[in-house]
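Let me begin by presenting the structure, written as structure tokens, before commenting on it.
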Amino acid sequence: MASSDLANQVILATASYDHTIKIWQAHSGICQRTLKHPESQVNALEITPDRQLLAAAGYQHIRMYDLKSSSEDPVINYEGVTKNVTALGFQEDGKWMFTGGEDCTAKIWDLRSCNLHVSRIFQVSTPVNCACLHPNQAELFVGDQSGVIHIWDVKTEHNEQLIPEPDASIQSIAIDPEGTYMAAVNNKGKAYVWRLSGGTGQTPITLTPARSILAHNNYALKVKFSPDSTMMVTTSADHTARIWKTADFSQMTELSDSSQRWVWDVAFSADSQHVITGSSDNTARLWSVETGEIKREYTGHQKTISAIAFRDVLYQC
């Protein structure tokens with residue numbers, strides 16, 4: 001495949017407190033487009049499954065930008081939200097979107113019509129920080145500021161609660177692509193991992209505690225699993241990201257740099273060999289998972305990078 005075709009398959013977007021979203025050429029570090037997001041910071045970024053749109057969650061709104069267009073303005077605007085939208089993601093076929101927010105709700109949005117509308121609402125008692133959809137596309141795991149993880153069956157509306165550490169705000173939740181592990185990190189730097197079973201057909205999901213890790217000595221911000229399910233990455237206010245082996249949850253690599261500050265977001269490459277981080281020093285970095293070496297830096301934002309969306313393709317040799 002020609003390098004130009006390959007580049008077109010890779011989408012890297014970063015959002016910043018400078019009220020812009022930048023689209024990058026991932027392999028070169030060159031910024032290709034800058035999108036306007038003037039009303040607020042971006043709390044979460046996600047690429048639609050068909051790779052056509054980039055969704056940005058902000059204060060009291062959701063914006064969607066056309067990735068194939070040269071326009072710097074959104075093509076879809078939704079204003080009917082109160083407070084910050086903190087979490088955003090898509091059902092694998094793009095039929096619906098989920099969000100979580102400081103209005104103490106998680107919502108399911110029907111995307112099959114031109115007008116975004118909420119089809120289901122899950123109410124909790126405190127602001128929602130994060131949400132993650134199980135690979136079975138049926139259960140939404142919702143983390144809130146009181147330390148509760150809610151497991152919401154979006155079809156039956158049944159829900160259960162999990163409290164790994166009372167009054168420790170759940171900052172991020174991730175489930176590995178195989179549906180084997182679920183992890184959550186909190187504002188005390190802890191990472192909790194559960195082994196998952198069931199969740200197919202009529203069999204309910206069972207969670208078995210697998211590991212509790214003091215992943216960071218400061219506020220933990222994000223957790224993600226690698227596409228091959230062999231690694232987990234956590235990020236923190238301690239200026240680092242750390243990679244853990246899922247075989248025994250021992251630390252594998254620390255990603256640190258003298259100029260890096262709070263690491264707000266992180267994403268793995270499709271081949272699980274690299275991660276991209278976004279930091280308060282206005283810079284995104286591409287790292288080698290194995291060596292912890294910085295391979296590329298993406299500079300141009302004027303303020304903190306608060307969110308990343310990254311989608312590339314695993315090519316078979």
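The values are calculated or read from the model by the stated rules, or taken from the named source; none is laboratory data. No experiment lies behind these values; they were computed from the predicted model shown. Every residue, glycine as well, gets a Cβ built from its backbone with ideal geometry; the counts of neighbours run over all protein chains shown. When the accessible area is computed, the model is the full protein with side chains, heavy atoms only, and any ligands, DNA or RNA have been set aside. Shrake-Rupley method; radii C 1.70, N 1.55, O 1.52, S 1.80 Å.
A few points about this structure:
- Test: residue in segment 24-35 that is under 26 Å from Val118 (Cα atoms) and hydroxyl-bearing (Ser, Thr, Tyr): no
- In segment 287-317, the residue that is surrounded by the fewest Cβ atoms within 10 Å (Cβ to Cβ) out of those that are aliphatic (A, V, I, L, M) and not in a strand (DSSP E or B) is Leu314.
Matching residues to (1) over 24 Å from Thr14 (Cα atoms); (2) not hydrophobic (A, V, I, L, M, F, W, C):
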position: Pro74; (1), (2): no, yes
position: Trp96; (1), (2): no, no
position: Asp103; (1), (2): yes, yes
position: Leu133; (1), (2): no, no
position: Gly147; (1), (2): yes, yes
position: Glu157; (1), (2): yes, yes
position: Gln161; (1), (2): yes, yes
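Matching residues to (1) open to solvent by 20 Å² or more (accessible area, probe 1.4 Å); (2) under 21 Å from Gly147 (Cβ atoms); (3) within 19 Å of the chain's Cα centre (by Cα); (4) β-branched (Val, Ile, Thr):
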position	(1), (2), (3), (4)
Glu178	yes, no, yes, no
Gly201	yes, no, no, no
Thr208	yes, yes, no, yes
Leu214	yes, yes, no, no
His239	yes, no, yes, no
Ser280	yes, no, yes, no
Arg285	no, no, yes, no
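- If you check Gly100, Gly58, Gly80, Gly94 for being without any contact (Cβ under 8 Å) to a residue 60 or more places away in the chain, surrounded by fewer than 16 Cβ atoms within 10 Å (Cβ to Cβ) and under 17 Å from the mean Cα position of the chain (by Cα), only one passes: Gly94.
- Options Ser259, Ser250; residue that is touching a residue at least 12 places away in the same chain (Cβ under 8 Å) and not charged (D, E, K, R): Ser259
- Whenever a residue of segment 11-34 is under 21 Å from Gly58 (Cα atoms) and of a type in the set (Ser, Thr, Tyr), its partners that are modelled with pLDDT of 95 or more and surrounded by fewer than 17 Cβ atoms within 10 Å (Cβ to Cβ), lying with C-beta atoms within less than 6 angstrom and at least six residues away or across chains, give the pairs Ser16/Lys303; Tyr17/Lys303; Thr20/Thr34.
- Residues of segment 189-239 that are hydroxyl-bearing (Ser, Thr, Tyr), in contact with a Pro (Cβ under 9 Å, 6 or more places away or on another chain) and within 16 Å of Asp176 (Cβ to Cβ): Tyr192, Ser226, Ser229.
- Residue check, Ser269 surrounded by 17 or more Cβ atoms within 10 Å (Cβ to Cβ) and either under 20 Å from the mean Cα position of the chain (by Cα) or not hydrophobic (A, V, I, L, M, F, W, C) (or both): yes
- Ile276 fulfils the conditions (1) open to solvent by 10 Å² or more (accessible area, probe 1.4 Å); (2) not in a loop (DSSP other than H, G, I, E, B) except for a single criterion, (1).
- Residue list for segment 103-117, restricted to those being farther than 25 Å from Leu35 by Cβ, touching a strand residue (DSSP E or B) at 6+ places or on another chain (Cβ under 6 Å) and touching a residue at least 24 places away in the same chain (Cβ under 8 Å): Ala106, Ile108
- Selection count where residues are among the small types (Gly, Ala, Ser), surrounded by fewer than 21 Cβ atoms within 10 Å (Cβ to Cβ) and on the phi < 0 side of the Ramachandran plot, scope segment 130-158: 2
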